[in-house]
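> My structure is below; once you've seen it, I'll send some questions.
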Amino acid sequence: MMAYLARRALWGVFVVTVVVSIVFVVVFAVGNPAATSLGPRASAEQIAEFEAREGLDRSLPRQFAGYLGVMPCLRKDSRNYDDGNGYCGLLQLDFGQSYRHKEPVFDVIAARFPRTLLLAFMTLLFELLIGLTLGVLAATRKGSLFDTGFMATAFLGISLPTYVTGPIFLLVFAFLYGWFPVGGYGVDFWDHVYHAVLPAFTLAIVGAATYARVMRSEMVEALRNDYIRTARAKGLSGKRVTLRHAFRNALLPVVTMVGLSMAVLVSGAIITERVFAWPGMGSLAIEAVLAEDAPIIMGVVLMFSIIVQVANLLADLAVAALDPRIRLAR
């Protein structure tokens, strides 16, 4: 187990490093953060001063090494790293200074991350509750009118992107009926949850439909196995056989999907947060791209990459816990 965790941790570090490297080259080599941050009226002297202060006047490899924290910091901010001895960067848990917010990137992300985490948790909860329930019901009623209607509805749900369902739900349930807030985050925890219901449900539609289709397929296959017929022959009730035996085995692919779907969930949250004015990581990413706030862009990409890697690892561990036949060390 420990050897497996060590290998996965090293692989995760490698993947995150590759992603960060690619985004760093795109942001700093292709874009012009200094000109974008200062505006179109900035003079050449102001741009040169900005680049010198942020270390953007150095070569790209040296900038990247400074960003990682493997060489002395190039920034000349209030902490005075320009003495040639101070280090800043990812190895020092220093994500840089936001050009737009004038604050450390870590502090900006720390304020936004819990909001996206709440939205993601509620979205995943809706996806699993709706998707697994409908999938099991459709599998146990295979060939019925309910099963046919379920398949058509699931196909429709997968086909609807969040930038279509979001404005529709916002118009119907917020503007017309007033059941939910038009947008925002709220003032306390339960108010946050209340504000997150509509965007989370919007974001969960595609995932719930996907989980439902997969769960139905796996349940139909599991109910055909010999051990299910043996359990029924011994006199076990249909509900007990379905929930205790077939459901657990059908759940394994779904657990794997939870980790794999984190990337889709995060990318979908970017649009959904914008539609519902949810002040999370997705909105922060869009604001940073529009303002070409390079440190914020790099910080958001880094956080998203780490989340995906951790989610995949937890999914593998959960699969091993559900199925004792799986040995992670092998």
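> Hey, can you grab everything whose amide H is under 5 Å from the amide H of GLN97? Only 5+ residues off in sequence or another chain; H modelled, so Pro and N-termini drop out.
For GLN97, whose amide H was placed from the backbone, the distant partners under 5 Å are VAL105.
> Would you mind calculating the gained length between VAL26 and GLU45 on full extension (0.36 nm times residue separation, minus the Cα-Cα distance), in nm to one decimal?
Values: separation 19, 0.36 × 19 = 6.84 nm, distance 2.47 nm.
Extra length available between VAL26 and GLU45 comes to 4.4 nm.
> Ordered by residue, what ³J(HN,Hα) values in Hz, to whole numbers, does segment 51-63 give under the Karplus form 6.51 cos²θ - 1.76 cosθ + 1.60, where θ = phi - 60° and Gly and Pro are x?
Going residue by residue, I get 5, 5, 5, 8, x, 7, 8, 8, 5, 4, x, 6, 4 Hz, with x marking Gly and Pro.
> Suppose R0 equals 51 Å; then what is the FRET efficiency for VAL289 and GLU221 from their Cβ-Cβ distance, rounded to the nearest 0.05? It would help to have the intermediate numbers written out before the result.
Details: r = 43 Å, r/R0 = 0.85.
Working from the Cβ atoms, E equals 0.70.
> Taking the number of other C-beta atoms within 10 Å as the exposure measure, put ILE306, ILE297 in order starting with the fewest. Don't skip to the end; give the middle numbers.
Working: ILE306 15, ILE297 24.
Lowest to highest Cβ neighbour count: ILE306, ILE297.
> Would any residue of segment 17-53 have its amide N under 18 Å from a label point 7 Å out along Cα→Cβ of MET71? List them or say none.
Zone members listed by number: 21-22, 24-26, 28-29, 51-53.
> Enumerate the calculated ³J(HN,Hα) couplings along segment 160-165 in order (Karplus 6.51 cos²θ - 1.76 cosθ + 1.60, θ = phi - 60°), each rounded to whole Hz, writing x wherever the residue is Gly or Pro.
Using θ = phi - 60°, the values come out as 9, x, 5, 6, 9, 5 Hz.
> Another one. For THR17, THR202, which order do you get if you count the other beta carbons within 10 Å of each Cβ and list the fewest first? List each step's numbers first, then the result.
Details: THR17 14, THR202 27.
Ranked by crowding around the Cβ, least crowded first: THR17, THR202.
> So for PHE95, PHE175, fewest C-beta neighbours within 10 Å to most, what's the order? Could the numbers behind the result be given before it?
On the way: PHE95 23, PHE175 10.
Ordered from fewest to most neighbouring Cβ atoms within 10 Å, PHE95, PHE175 come out as PHE175, PHE95.
> Sticking with this structure for a sec: Report, largest value first, the span of the C-alpha coordinates of segment 1-110 along each principal axis, in whole Å.
Principal-axis extents of the Cα atoms in segment 1-110, largest first: 58, 29, 28 Å.
> Mean shadow of segment 34-94, computed from the convex hull of its alpha carbons, in nm²? Let's see the in-between values first.
Numbers: hull surface 17.5 nm².
Dividing the Cα hull surface by four gives the mean projection, 4.4 nm².
> TYR87's amide H: which non-local residues (gap 5+, or another chain) put their own amide H closer than 5 Å, with H modeled 1.01 Å from N in plane and none for Pro or chain starts?
CYS73
Where a number appears in this text, it was derived from the coordinates with a stated rule and is not lab data. These figures come from a predicted structure and were not determined experimentally. Cβ: placed from backbone, ideal geometry, glycine included. Neighbour counts: every protein chain shown.
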